[in-house]
Each structure stands twice: as C-alpha cells, then as structure tokens.
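J.: After the structure tokens below, expect a handful of questions from me.
Read the figures in this text as sums done on the coordinates, not as results from a lab. The shown structure was predicted, so the numbers you read here are calculated from the model rather than taken from an experiment. Using ideal geometry, Cβ is built from the backbone for each residue, glycine included, and neighbour counts are taken over all protein chains shown.
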Amino acid sequence: MDRHESKFIQEIVKDVLNKLDPKHINVATHLVGIDPLVLAISDFLSTATDEVCIVGIHGMPGIGKTSIAKVVFNQFCYRFEGSCFLSNINETSEQSNGLVLLQEQLLHDILKQNTVNISNVVRGMVLIKERICHKRVLVVVDDVAHQNQLNALMGERSWFGPGSRVIITTKDEHLLLKVDRTYRVEELKRDESLQLFSWHAFGDTKPAKDYVELSNDVVDYCGGLPLALEVLGSCLSGKNRARWKCLIDKLRKIPNREIQKKLRISFDSLDDHELQNTFLDIACFFIGRNKEYVAKVLEARCGYNPEDDLGTLSERSLIKVDAFGKISMHDLLRDMGRDIIHKESPGHPGKRSRIWQREDAWNVLNKHMVITKCLHKSKIMQVYLYFQTSCIHSLGSSIEFCWCFRERKW
Amino acid sequence: MTEPESSGSRPKGAYDVFLSFRGEDNRKTFTDHLYTAFVQAGIHTFRDQNEIPRGEEISKHLHKAIQESKISVVVFSKGYASSRWCLNELVEILESKNRKTDQIVLPIFYDIDPSEVRKQTGSFAKAFHRHEEAFTEKVKEWSKALEEAGNLSGWNLNDMENGYAFSLQDSPAHIDGVIIH
C-alpha cells in the first residue's frame, strides 16, 4: 500500500467517524406523506451557491412542519462545518432569559465548545455574528412566533458564513417575508392519513381487518392532520371495537384535549381580542361563506374593515380563502373555536357569546318569547343576531335588519 | 403486529458500516486495509465474506445488514460493474437509503473516475455492453443506481493523489422533486 492509499484510508475513516457521530436529531418513527416537500426543500438547499439561503416552512399546528425540518436537517447536517437545531423557540423564549439560552445553544452547537456566558440578548447578537460569520452552517429555527425571536437568533444573513443554510418553521407566514422560499405544509391525503393512523393504532400500514370502517371514521374526523392521526391512533391502540365506537362518538361531542391544546396555541397567540373574535365568528357562523359577505357582516360588528384581520388569520393558517373568495377552516380548528364558546357556559347556551345550532337558538329565543324584550341583555341579543346571519332563510329576515339592532350599542 | 423500527434506537447487532466492493478486484488489498482501519477505529463493519457461488437475489441476511447499517461504503473499482452481484447490492443499498432518511451512502472511487460510474463509460461501458445482451430489464435499474451513487459526495483516490483531500459534490445533479410553493 502506497502513501497516498494509506492517507486516503485515514481520511475515509475520519469521515466515517464524523458521520457516525450522532449530530442528527431524533425523528418520529413513522413519517408519511412528507417526501415531496422534503425533496423540494432539499433540492433548493442543495443549490451550489455561496449565498446564505433561507427557507421558511409554514402551516397550521400539528401539520408536520417540525418533522419536515428535522428530516431535512438530518440529511444535510453532515455537509456543514457546524449545525444547530433550535427547537420550540416560542416556548423557550417565554422562559426568563429564554432567548439568551437559545443564543448560547446556537453558539455551543456550532463552535462545539462552551462559550462565555451571554449577559443579554443584544450581546448575544453581537457574539453570534462575530463567531459564526465565517462558518458554513446549517441552522434550523423551529417554531418561531415573533419577529424579535428571529432578530435575536439570525438578525441578518451576514451573521452566517458563505454557503450557510437556514430553515425557519412557523405558524405565521407573515414572519417569512424575507426568506428565499416558503413552503406551506398541506394536510395529508386520505390514503396517507390512513397509513399514518394505522402505524399508530396497529403498528402496520393498514388497519386490522375488523377495524377498517372504524379507522375510516377516525381518519375522516382528523381531516389529514398528522397530529390528530397520531394522537388518536395511539389512544385507540389496543382497545376493542366497543371502546373504539364509544371514543369516536365522544369525539364528535367533545374534542380530544391533547389535540385541542396544541391547536389552541395558534388561537391564544392572536395578538388582539378582535382577531380572536373574528376567528370565533368564522368558526361558528361563516365557514363556506364568501369573504366579501363575511367582511361586511364583521365590519358591522367591530366597526372597522376586517380585511387585514382576515389576512392575518389566513397567514397563520387558521382560515383558508380559496380562489373564489370562499372561506374555509380545518374541521378541528372549527371544533377548537366552538369548544371555546361552549366552555363559556357549558350548561346554558343562552349564556354563551355565540350560538350556531338551530335547536339551541330556538330554545334560547323561546325562553324570551318576545325578541325585543331581551334587547337589553347584550349576550342573548348577540346570539340572536349571529344566528340570523347564518340561518337567514329559516328566520325570514335580512342581514340589514339584524345589524341595525347591533347599532344600538348595548 | 410488527414492532415499528426506530431510527433512534437501532436494533442490537446492527452495523455502523456496510462495506460493498468487488471482491475479485481488491479483496486482498485496498478493501482489506480499509476494513482493518475501520475495525481498529471501533467502527462495527459488515463485510460480505461469502465468496461461494450464490443466486442472483440478495439474501435475507445481507438485506438486513444493509438496512440496519448507518453508512454504506461502496468501493467503486474498475471491475465493479462487471459483477451483477455488486450491481444488485448497490440497488439494494440505494433503495434502503431512499427509504430511510438517516442512512448515508459514501462512495469511494478507487482508481476510477466518478464520471465513469455516473455515465457508465470506460471499463463500465464494456461491462454494461455485456449485461445488456442477457439482462435487459435489470440494466436500466443498475444504470440508474450507478448514476445516483456517482452523484453522491464521496472520496476519490485520484483527487488524493492530485493533492486534494476531499471530493465533495454537494448534491445529486437531479432530484425528481416538485417545487411546492
């Protein structure tokens, strides 16, 4: 063996050892339906350029943004001088000094050594820029919710060395204005949904023989949301048919808490009360309606043109507006919204801020017999008015009529 | 019910490296040295010891070893493409890599140019010419596998001799992906 060959072997061994060093992060065992997006993103990130490339992945909670980022990260992390996956940024930033901790992790993961303690966020920004700007790095900033989080961790492209790649995942498309490419993660297709669900419920790609119909019911309910498919799959796993039926029935009345908790983060992070109200109005009354119509009705309620609010809800994947202006919402987000209203007063529909079911509305109205008498009871009146806008035909009234009541300012 | 395999905890007895090579070309020399170097470095390496005649299909045992290895090191040498066994093994390796997201394939170009592998020119052209007569169906699959493998970032002995330490091609030249925007 000559000198070259022995050097060659040494280099290969070094490379293999480096590759075996687990830089990669743990990814969920069964990933279904993410390949096209992973390929598209990998393809873009592979572009041979010394520019810093930034891609953004957005979509509703539980749709699989982080999983996609993890898979891409694992594919690429070995090709860079340094790599770092900053997970759950929004959650971590809420701790005291959270952003500083994230800055420290970024420096530590990339430089592979303990750095000086960072005294504050501004100092951290300077340090990151100075230490990393010559390194070719791969950084994932996962679940960003506010601009200040981005500023603290990747203020400018020049913070990272030539050829670096950054992946941002967020529920808020608005934060991705400055990135090179954005990718929206869509719901899983039906067959993919069934496959993912089956992995969690049966440990197989297909449902067990006696469970095909029940599985289809659950898959319908989940509307292609991986989070829901995984949670419900695991929760039904190992249970007999009778219990499956009970659970499915229950789900139709009471949404699963674990799923709701995660979806609710998007609702809670809506910046102001009006935005939240707009979301709740849509969840209760306006799904399937035309945007212009909804804007008109909402304007009467809130007193300003809600166009921007609708845009924000859409950027955060809470609603979708199709090419014809029709507004839609994921069933589970709708259920989350309606559950919030339901919880205002579980036993008394009349005490809730919105009523969307015909029976509830009639019950409430019958109790008061004469509508005008309850004008002073603000909540009830609002119920009636909303009800009219959604079931106008059955009440034989007009929107204008409804909203002139609203003008009375109770 | 099958237990889902996890990328986090690998099965016991799984290998770090699966070493794929053309035995007749370099079993006793380069690959031997490479294997020894791996073992000395504590890298758990699978090397196909079995030189006795065998069928065309990859055995279960081998299939498992490929699947469970973290890295497949493929040593491309002049005679690589003349072995149908090697080509089938390569197809298997790439399939496994494309199924699992965290598996790495590291090609080593031993005294052969990566473009010969990619485009099946030079010694590979001759071998393919022979295969085409008898195995028309398989040839396409092999050719695709070689193209894919030749595009992966790896190590080239000739680069080393020319004084370059590292041959890195960042990405496959084409990925049949769709841009989703």
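J.: Mind checking the mean number of beta-carbon atoms from other chains within 10 Å of the Cβ atoms in B:68-75?
T.: Averaged over the peptide's residues, the number is 2.
J.: By per-residue mean of other Cβ atoms within 10 Å, what is the highest-first order of B:127-135, B:37-45, B:64-72?
T.: Top of the packing list down: B:64-72, B:37-45, B:127-135.
J.: Something else about it: Report, to the nearest 10°, how far helix A:3-20 tilts away from the longest principal axis of the Cα atoms in chain A, using its own Cα long axis and a range of 0 to 90°.
T.: So the inclination is approximately 20 degrees.
J.: Additional query: Tell me which of A:Ile132, A:Ile168, A:Gln147 sits at the most positive position along the dipole axis of the range A:3-184, charges placed on C-beta atoms (Lys, Arg +1; Asp, Glu -1).
T.: A:Ile132
J.: Additional query: If each DSSP helix of 4+ residues adds -39,500 (n - 2.57) and the sum is divided by the residues in chain A, what number results at 222 nm, nearest 500 deg cm²/dmol?
T.: -16500 deg cm²/dmol
J.: Any chance you could give the angle, 0 to 90 degrees and rounded to 10, that helix A:331-344 forms with the longest Cα principal axis of chain A?
T.: 60
J.: Here's a follow-up. In what sequence, highest mean first, do A:62-69, A:309-316 appear when ranked by Cβ atoms within 10 angstrom?
T.: A:62-69, A:309-316
J.: In what sequence, highest mean first, do B:145-153, A:269-277 appear when ranked by Cβ atoms within 10 angstrom?
T.: Most protected by this proxy first, the peptides run B:145-153, A:269-277.
J.: Using only the alpha-carbon atoms of the range B:17-161 as identical scatterers, what base-10 log of I(q)/I(0) does the Debye formula give at q = 0.12, 0.14, 0.18 Å⁻¹?
T.: Scattering profile of the range B:17-161, log10 relative to I(0): -0.45, -0.62, -1.08.
J.: Turning to a different aspect of this structure: Tell me, what is the percent relative contact order of the range A:268-344, built from C-alpha pairs under 8 Å that lie six or more residues apart?
T.: That works out to 37 percent.
J.: Once you keep just the Cα pairs under 8 angstrom separated by 6 or more residues, what percentage relative contact order results for the range B:17-161?
T.: Computed value for the range B:17-161: 25 percent relative contact order.
J.: Per residue of A:2-9, count partner chain C-beta atoms within 10 Å of its C-beta, then hand back the mean as an integer.
T.: The shielding value for this peptide is 6.
J.: Antiparallel versus total DSSP beta bridges in chain A: what percent is that, nearest 5?
T.: 15
J.: Please name whichever of A:Ser269, A:Val185, A:Ser237 sits farthest to the positive end of the charge dipole of the range A:181-302, dipole taken about the Cα centre and charges placed at Cβ: Lys and Arg +1, Asp and Glu -1.
T.: A:Ser237
J.: Could I ask something else about it? With angles folded into 0 to 90 degrees, how steeply does helix A:226-236 sit against the dominant principal axis of chain A? Use alpha carbons for both and round to 10.
T.: Approximately 80 degrees, to the nearest ten.
J.: Next up: Before anything else, pin down the relative contact order of the range A:3-184: Cα pairs under 8 Å, at least 6 apart, normalised by residue count, whole percent.
T.: Relative contact order comes out at 31 percent.
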